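Everything below concerns the one structure shown next.
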Amino acid sequence: PEYISVSNLGDALGVKLNVFLRQLEDLGFEDITEESIMTGETAALVAQEYGFEPTVDSGEKVDLKPRPPPEDPSVLPPRPPVVTIMGHVDHGKTTLLDYLRKSSVAASEHGGITQHIGAFSVKLSAGKQITFLDTPGHAAFLSMRQRGANVTDIVILVVAADDSVKPQTIEALKHARAAKVPIIVAINKVDKEEARVDLVKSDLAKNGVEIEDYGGDVQTVLVSGRTGQGMQDLEESILSLSEVLDLRAEEDGMAEGWVLESSVKSIGRAATVLVKRGTLRRGDYIVAGEVFAKIRVMLSEGGVELEEAPPGTPVEILGWRDLPDAGDQVLQAPDEDKAKNAIDYRRELSERGEAVSQMAQQELERRERE
Ligand code: GTP
Ligand code: MG
């Protein structure tokens, strides 16, 4: 149980101490001084006399919650766009990603071994940066979407110039529309003789993609993942679209993000986290699902140890007590106690949920037997 001193309770109720002491005596308390201690329950009864509806905090477990959305996002610092590449089988998604990834690893000074952590950042001139997600595990994405998280700001729809719009192109379009994520079309394999760029454009228009050539606002960029042709144009298109989207996030306050993937590696339990708000630092406590970490090490995809991960940064985090799941939301906790507390709360909740569904199941089975 919690305790409170009379003087603190008086403060909390906004009553002057000498008045409060007199009133407490009127209520039947004896030998009361400002240093007297009350149990939470007694204090709650007293508070009720003053018209409060108190809830007793008996050291109960509390969950961590994301911060409310910012009041005025337009005053926040800009953050890098997060981009996902989608498209039909064999149209060149991996080739494009690999090309971008190589340029990102080559650009990183220490240039360690590429780790393939499910996301990477490309640094461009003028301090600009683009974060690319690997075509992500379907389950993780679905789980994030179900919780209202659009991890991606922009979808690059890859269409091979020699094959044009195909079923999975249309599928990807549906996904992007459902998530209300704007697209840029990368018409790939333009180095090939069989490339039919005009056919691709008219097929896109037929499928309701309002491309610029037809008076719409969807950019199309001609690229080749093989020769690297047009890749700079693609990066520029992404930057100009993200300027329109005006992507911003808080760099301070409790950090928030998402687990993109997780696995046990030789270096220990590792999870790739995409930071969305706030900045993660070594030593911080974070909670994901029903597990927590004290961040021991943060690595970039190039294997470089990072001290800080601001919004839009993907990092591999070590220091987990258990392995979190891809698709889990990551929330920073102010300290270890709060992190553990949140986890206890969540575990209790899911145990209770399991107990209820077990009871329901038993009830169903009982009825079936009857
Ligand atoms: P899935 O992951 O199977 O859906 O395929 P993907 O979209 O990742 O395609 P991937 O990058 O594996 O490329 C498929 C084939 O097309 C490979 O043989 C690539 O070498 C080839 N390819 C990709 N991009 C280009 C390009 O720009 N030009 C040419 N000529 N070939 C390309
Ligand atoms: Mg691929």
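The values are calculated or read from the model by the stated rules, or taken from the named source; none is laboratory data. From a predicted model like this one, the values you see are computed outputs, not experimental measurements. Here the Cβ positions follow ideal geometry from the backbone for every residue, glycine too, while neighbour counts run over all protein chains shown.
Taking the stated definitions as given, is Ile295 within 27 Å of Pro69 (Cβ to Cβ) and touching a Gly at 6+ places or on another chain (Cβ under 9 Å)?
yes
For the stretch 40-62, the condition of being surrounded by fewer than 15 Cβ atoms within 10 Å (Cβ to Cβ), among the basic types (Lys, Arg) and at pLDDT 85 or above holds for none of the residues.
Yes/no matrix, rows are residues, columns are (1) at pLDDT 95 or above; (2) in contact with a helix residue (DSSP H, G or I) (Cβ under 9 Å, 6 or more places away or on another chain); (3) aliphatic (A, V, I, L, M):
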{"residue": "Gly302", "(1), (2), (3)": "no, yes, no"}
{"residue": "Pro310", "(1), (2), (3)": "yes, no, no"}
{"residue": "Leu318", "(1), (2), (3)": "yes, no, yes"}
{"residue": "Asp325", "(1), (2), (3)": "no, yes, no"}
{"residue": "Asp328", "(1), (2), (3)": "no, yes, no"}
{"residue": "Leu331", "(1), (2), (3)": "yes, yes, yes"}
{"residue": "Glu336", "(1), (2), (3)": "yes, no, no"}
{"residue": "Ala339", "(1), (2), (3)": "yes, no, yes"}
{"residue": "Tyr345", "(1), (2), (3)": "no, no, no"}
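Residues that are in a helix (DSSP H, G or I) and modelled with pLDDT under 65 were ranked within the stretch 112-139; the one that is nearest to ligand 1 (Cβ to nearest atom) is His138.
Scanning the stretch 66-111 for residues that are farther than 14 Å from Gly228 by Cβ, in a helix (DSSP H, G or I) and more than 15 Å from ligand 1 (Cβ to nearest atom), which turns out modelled with the highest pLDDT? Of everything passing the filter in the stretch 66-111, Val75 is modelled with the highest pLDDT.
When Glu250, Glu193 are screened for being touching a Lys or Arg at 6+ places or on another chain (Cβ under 7 Å) and either modelled with pLDDT under 95 or not in a helix (DSSP H, G or I) (or both), only Glu250 passes.
Do we find a residue being within 16 Å of ligand 2 (Cβ to nearest atom) and either in contact with a Phe, Trp or Tyr (Cβ under 7 Å, 6 or more places away or on another chain) or closer than 19 Å to Ser164 by Cα (or both) anywhere in the stretch 230-253? If you could, list the steps in order and put the result at the bottom.
Applying the first criterion (within 16 Å of ligand 2 (Cβ to nearest atom)) to the stretch 230-253 yields none.
Among the residues of the stretch 230-253, not one is within 16 Å of ligand 2 (Cβ to nearest atom) and either in contact with a Phe, Trp or Tyr (Cβ under 7 Å, 6 or more places away or on another chain) or closer than 19 Å to Ser164 by Cα (or both), which makes the answer no.
Reported count of residues in the stretch 251-302, each being of a type in the set (Val, Ile, Thr), over 14 Å from the mean Cα position of the chain (by Cα) and under 24 Å from Pro77 (Cβ atoms), is 1.
Across the stretch 211-229, the qualifying residues are those that are assigned to a loop (DSSP other than H, G, I, E, B) and of a type in the set (Val, Ile, Thr), and the one among them that is farthest from ligand 2 (Cβ to nearest atom) is Thr227.
List pairs: first residue in the stretch 279-294 and more than 20 Å from Gly312 (Cα to Cα), second residue in a strand (DSSP E or B) and hydroxyl-bearing (Ser, Thr, Tyr) anywhere in the structure, Cβ distance under 6 angstrom, at least six positions apart or on different chains. From the stretch 279-294, the pairs are Lys294/Tyr285. All conditions in (1) closer than 30 Å to Gln129 by Cα; (2) not in a loop (DSSP other than H, G, I, E, B) hold for Ala205, with the sole exception of (1).
Of all residues in the stretch 288-296, one or more are surrounded by fewer than 22 Cβ atoms within 10 Å (Cβ to Cβ), among the charged types (D, E, K, R) and in contact with an Asp or Glu (Cβ under 9 Å, 6 or more places away or on another chain).
Within the stretch 166-183, can you find the residues that are part of a loop (DSSP other than H, G, I, E, B) and more than 18 Å from Gly225 (Cβ to Cβ)? Once the filter is applied, which keeps residues that are part of a loop (DSSP other than H, G, I, E, B) and more than 18 Å from Gly225 (Cβ to Cβ), the stretch 166-183 yields Ala179, Lys180, Val181, Pro182. Consider Ala293 carefully, then state whether it is more than 26 Å from Leu247 (Cβ to Cβ) and part of a strand (DSSP E or B). For Ala293, the condition - more than 26 Å from Leu247 (Cβ to Cβ) and part of a strand (DSSP E or B) - is met. Just to be sure before I move on: is Glu305 surrounded by fewer than 22 Cβ atoms within 10 Å (Cβ to Cβ) and more than 24 Å from Arg79 (Cβ to Cβ) in the structure I sent? Answer is no for this residue.
Scanning the stretch 225-242 for residues that are more than 18 Å from Gly87 (Cβ to Cβ) and in contact with a strand residue (DSSP E or B) (Cβ under 9 Å, 6 or more places away or on another chain), we see that the one that is surrounded by the fewest Cβ atoms within 10 Å (Cβ to Cβ) is Glu236.
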